[in-house]
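A.B. asks: Right, I'll just put the structure down here and ask away after.
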Amino acid sequence: MTKPSTRGRVSGSPARRTMAAAARAAAKRAERHPASAPVRAPIAGRTVVIEPPDGWDDPPEPSPEDFAQDGPRETAAGRSRRGLWAAVLSVLLLAGLLAVVALGQRYREGARDEQARVEALAAARKAAPVVLSYDHRHLDRDFAAARAHLTGAFRDEYGKTTRTVVGPTAAKYDGVVRATVARPGGGGSPAASVVSASADRAVVLLFVNQVTRSTQVTGSRVDLNRVRMTMTRTSGGWKVSAVDAL
């Protein structure tokens with residue numbers, strides 16, 4: 001069969017003839033590949049057939065949910081992690097601060113207690129010989145000196161006892177008592193130690209030797225006593241608030 005000529009059917013400008021030729025070529029390719037779905041695009045009043053390549057599959061288009069969920073979910077998770085780390089860091093910093101404060105408070109309390117031990121022990125060593133001694137020849141002076149080391153109810157009790165019992169007895173029998181804090185055999189510091197201590201109160205144990213002379217005793221009598229003194233901090237320093245013979 002003789003191929004029909006298109007020369008007589010195509011007229012006009014060279015651009016129109018070229019477009020017509022392209023359209024016929026596309027139509028022939030569509031006949032050879034009937035399975036392909038041609039895409040027709042109108043150009044200047046004519047239809048141009050564009051054949052998709054063999055094996056072409058259109059990619060799936062993203063759904064709006066992909067953009068609406070994925071991004072915010074990741075951002076929220078990131079914010080949650082950052083918030084968690086910030087909370088953990090805040091807790092750790094607070095715990096560290098509390099530990100520092102507690103250690104500082106404990107250190108200050110320990111330092112105050114140690115200072116109290118030293119001061120109370122020195123005051124007890126000084127007070128014991130004065131409080132536990134007297135001489136019938138100057139009782140008022142000795143009792144006044146003793147009261148200067150006392151405080152509180154014990155001071156009042158001491159004043160009452162010396163006026164009603166100790167003073168009259170010492171005057172009657174020419175009593176003289178000399179008390180000293182015992183020293184170890186090597187002549188070291190007086191034998192005294194702190195039993196307990198806080199910032200304002202301490203208990204001190206002392207070994208006290210008392211030498212007594214009177215008309216009721218031949219020669220001198222030596223008593224080896226253990227005395228427990230309770231020391232209390234006052235505005236005038238550490239004072240004796242109780243004395244117990246053990």
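A.B. asks: Students often check this: by mean Cβ neighbours within 10 Å, which of 209-222, 110-123 ranks highest, and how do the rest follow?
C.D. replies: 110-123, 209-222
A.B. asks: So which chymotrypsin sites (Phe, Trp or Tyr not before Pro) in the stretch 68-167 end up in coil per DSSP with only 13 or fewer other C-beta atoms within 10 Å?
C.D. replies: none
A.B. asks: Below 8 Å between Cα atoms, with a sequence gap of 6+, how large is the relative contact order for the stretch 107-245 in percent?
C.D. replies: RCO, the stretch 107-245: 27 percent.
A.B. asks: Output the relative contact order of the stretch 163-242, whole-number percent, from Cα pairs under 8 angstrom with separation of 6+ residues.
C.D. replies: Relative contact order for the stretch 163-242 comes out at 25 percent.
A.B. asks: At q = 0.14, 0.16 Å⁻¹, what log₁₀ I(q)/I(0) does the stretch 107-245 have when each alpha carbon counts as one equal point scatterer in the Debye sum?
C.D. replies: -0.67, -0.85
A.B. asks: What spacing in nm lies between the two simple spin-label points modelled at D244 and A148, each 7 Å away from Cα in the Cβ direction?
C.D. replies: So the label points at D244 and A148 sit 2.9 nm apart.
A.B. asks: Round to the nearest 0.05 the FRET efficiency obtained for Y173 and A122 when R0 = 45 Å and r is the Cβ-Cβ distance.
C.D. replies: The calculated FRET efficiency here is 0.85.
A.B. asks: Taking the Cα centre as origin and putting +1 on Lys and Arg beta-carbons and -1 on Asp and Glu beta-carbons, what dipole magnitude results for the stretch 107-245, to the nearest 20 debye?
C.D. replies: 160
A.B. asks: For the stretch 107-245, with the dipole built from +1 on Lys and Arg beta-carbon atoms and -1 on Asp and Glu ones, taken about the Cα centre, which of P168, A199, G236 lies farthest toward the positive end?
C.D. replies: Positive-most Cα among the choices belongs to P168.
Read the figures in this text as sums done on the coordinates, not as results from a lab. A quick note: this is a predicted structure, and the numbers were derived from the prediction, not measured. For neighbour counting, all protein chains shown are included, and Cβ atoms are generated from backbone atoms with ideal geometry for every residue, glycine included.
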